1. Take K426 and tell me if it is touching an Asp or Glu at 6+ places or on another chain (Cβ under 7 Å) and farther than 22 Å from V322 by Cα.
2. Restricting to the stretch 25-44, name every residue that is within 10 Å of the ligand (Cβ to nearest atom) and within 22 Å of T80 (Cβ to Cβ).
3. Specify the residue that is nearest to R50 (Cα to Cα); the eligible residues are those in the stretch 1-26 that are among the aliphatic types (A, V, I, L, M) and modelled with pLDDT of 90 or more.
4. Among the residues of the stretch 174-194, which ones are within 16 Å of Q220 (Cβ to Cβ) and assigned to a strand (DSSP E or B)?
5. Does S447 satisfy the criteria of being free of Cβ contacts under 8 Å to residues at least 12 places away in the same chain, hydroxyl-bearing (S, T, Y) and surrounded by fewer than 20 Cβ atoms within 10 Å (Cβ to Cβ)?
6. Within the stretch 188-206, which residues are open to solvent by 50 Å² or more (accessible area, probe 1.4 Å) and within 22 Å of V292 (Cβ to Cβ)?
7. Consider D113 carefully, then state whether it is surrounded by fewer than 20 Cβ atoms within 10 Å (Cβ to Cβ), modelled with pLDDT of 95 or more and either under 27 Å from the mean Cα position of the chain (by Cα) or on the phi > 0 side of the Ramachandran plot (or both).
8. Can you say whether A103 is away from the ligand (no atom under 16 Å from the Cβ), modelled with pLDDT of 95 or more and assigned to a loop (DSSP other than H, G, I, E, B), as far as the supplied structure shows?
Amino acid sequence: MGMTGMEVYKVLPKTNCKECGFPTCLAFAMQVAAKQRALTDCPRLSDDAREALSDASAPPMKLVRIGPAGEGQFEFGQETVMFRHEEKFHHPPAIAVRIPAAATDAEAAEKMDRINQAVFTRVGEQIAVALAVVEIEGLSPEAAADRATALADGGRAGIVLMGSDPAVQAAAARALADRKPLLYGATEATAEAMIALASETKCPLAVSASSLERLADLTQQAKQGGVEELVLAFDGHRTARVIREITTARRAALKKNFRALGYPALVDVTGDDVGREAVLAATFVAKYAGIVVINGIDGAELIPILTAIQNIYTDPQVPNTVEAKLYEVGDVDEQAPVLFTTNFALTYFSVEGEVERSKVPCYIGVVDTEGLGVLNAYAGDKISAEKVVRTLDALGVAEKVKHRKLIIPGLLPSFRAEIEDTSVWKEVLIGPESATGIPRFLAETWSA
Ligand code: SF4
């Protein structure tokens with residue numbers, strides 16, 4: 001049974017010092033009650049309250065952090081629901097690209113560069129490969145430390161050290177401890193040494209076992225050994241079994257408060273077949289990995305997986321919108337075409353992207369449709385000719401251009417007559433139904 005916000009608030013120091021990152025103790029208490037923060041995140045909590053209540057108020061799934069504190073640290077776990085529509089998913093999973101131990105130093109450095117540069121922009125947000133998996137299996141301890149240090153030096157991506165030999169892991173982890181890498185991974189055979197290493201270096205530890213029951217035993221053993229940040233590791237090639245096990249672990253943690261399985265999951269789907277790897281990665285993004293390990297580094301594989309993450313980890317209760325205002329695309333002047341669209345982010349960025357592709361500088365007036373695309377907004381009565389005219393007036397668009405032509409979406413042809421009759425826009429051009437038609441439309445139809 002969780003604590004209510006007021007029960008949490010009662011044990012807090014009530015100084016509103018903001019050191020927890022929240023403006024007041026009450027705001028922090030509400031986050032603890034919602035399982036979004038641990039009570040122990042308040043640095044001013046008394047020892048008595050810490051001891052008495054930290055377990056009762058802890059989120060059912062642990063938050064795990066890779067990388068040094070600050071910008072660029074990757075956080076995952078601390079999910080609260082089984083299904084996105086129940087609330088939302090909180091921490092998007094990382095794509096982690098593996099650098100094989102067999103690669104030469106030059107090959108490894110080249111792949112690391114590509115990982116660090118794997119950042120893309122989609123609907124106004126950056127999506128990126130978050131982690132590099134530095135495989136140290138079969139290397140000597142010295143070679144492992146050298147490789148880990150060389151690859152981690154100055155890079156953007158967080159580091160996962162992958163190797164089964166505790167002595168080799170120890171050399172690399174100690175060399176890299178200030179980068180707080182994930183140690184991947186401990187097995188039933190190596191658990192004792194790996195737990196001691198994770199405890200010593202304060203690094204998170206990924207553990208795997210032959211069954212969920214053994215995995216729960218291992219996490220308990222690690223916790224007793226002083227390791228709090230744990231990750232459940234799975235071989236994703238046993239796809240059906242792993243989906244079943246991950247789902248069971250998540251349900252046990254979230255629904256039954258079974259803390260021994262209350263940790264995020266890492267799923268390794270590395271293989272030689274790029275297509276299969278992408279499909280498996282997207283599968284485990286949906287169910288329920290916190291890290292997915294792959295081999296591929298080409299955009300053709302990465303972008304679909306990162307897009308799946310971006311789509312699933314949006315808040316379903318908050319429409320994905322852009323600000324309703326006048327946007328200038330390119331070097332506009334008083335002869336530039338004027339278009340309008342809705343404030344649904346995907347619609348806006350599709351239009352903006354196609355205008356850029358056309359190389360014709362344009363004004364785009366954005367109408368507030370509460371985050372709906374053109375047809376949905378029309379069907380839901382969120383856009384009308386009168387609202388378009390009112391918006392363009394409020395944005396002062398007519399003062400920006402000398403012509404009086406307005407390009408409207410091809411899906412709203414019925415708006416033409418009313419806009420021409422009731423506004424300064426005396427020549428309304430019906431544009432293409434799809435944004436992809438904009439470059440051709442502008443090339444063939446537009447003249448101020
Ligand atoms: Fe209150 Fe603790 Fe947050 Fe300070 S750090 S505002 S005392 S909850």
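The values are calculated or read from the model by the stated rules, or taken from the named source; none is laboratory data. A quick note: this is a predicted structure, and the numbers were derived from the prediction, not measured. Positions of Cβ are backbone-derived with ideal geometry, glycine not excepted, and every protein chain shown enters the neighbour counts. These area figures cover heavy atoms from the full protein model, side chains too; ligands, DNA and RNA do not enter into them. Shrake-Rupley method; radii C 1.70, N 1.55, O 1.52, S 1.80 Å.
1. yes
2. Answer for the stretch 25-44, where residues must be within 10 Å of the ligand (Cβ to nearest atom) and within 22 Å of T80 (Cβ to Cβ): C25, L26, A27, F28, A29, Q31, V32, R37, L39, D41, C42.
3. In the first step, residues of the stretch 1-26 are kept if they are among the aliphatic types (A, V, I, L, M); the result is 1, 3, 6, 8, 11-12, 26.
Add one more test, that the residue is modelled with pLDDT of 90 or more, and what stays is 12, 26.
On the way: L12: 10, L26: 17 Å.
The selected residue is L12.
4. The one that is within 16 Å of Q220 (Cβ to Cβ) and assigned to a strand (DSSP E or B): A186.
5. Values: free of Cβ contacts under 8 Å to residues at least 12 places away in the same chain: yes; hydroxyl-bearing (S, T, Y): yes; surrounded by fewer than 20 Cβ atoms within 10 Å (Cβ to Cβ): yes.
Yes; evaluated as a whole, the condition is true for this residue.
6. none
7. Details: surrounded by fewer than 20 Cβ atoms within 10 Å (Cβ to Cβ): yes; modelled with pLDDT of 95 or more: yes; either under 27 Å from the mean Cα position of the chain (by Cα) or on the phi > 0 side of the Ramachandran plot (or both): yes.
For D113, the condition - surrounded by fewer than 20 Cβ atoms within 10 Å (Cβ to Cβ), modelled with pLDDT of 95 or more and either under 27 Å from the mean Cα position of the chain (by Cα) or on the phi > 0 side of the Ramachandran plot (or both) - is met.
8. Against the criterion (away from the ligand (no atom under 16 Å from the Cβ), modelled with pLDDT of 95 or more and assigned to a loop (DSSP other than H, G, I, E, B)), A103 qualifies.
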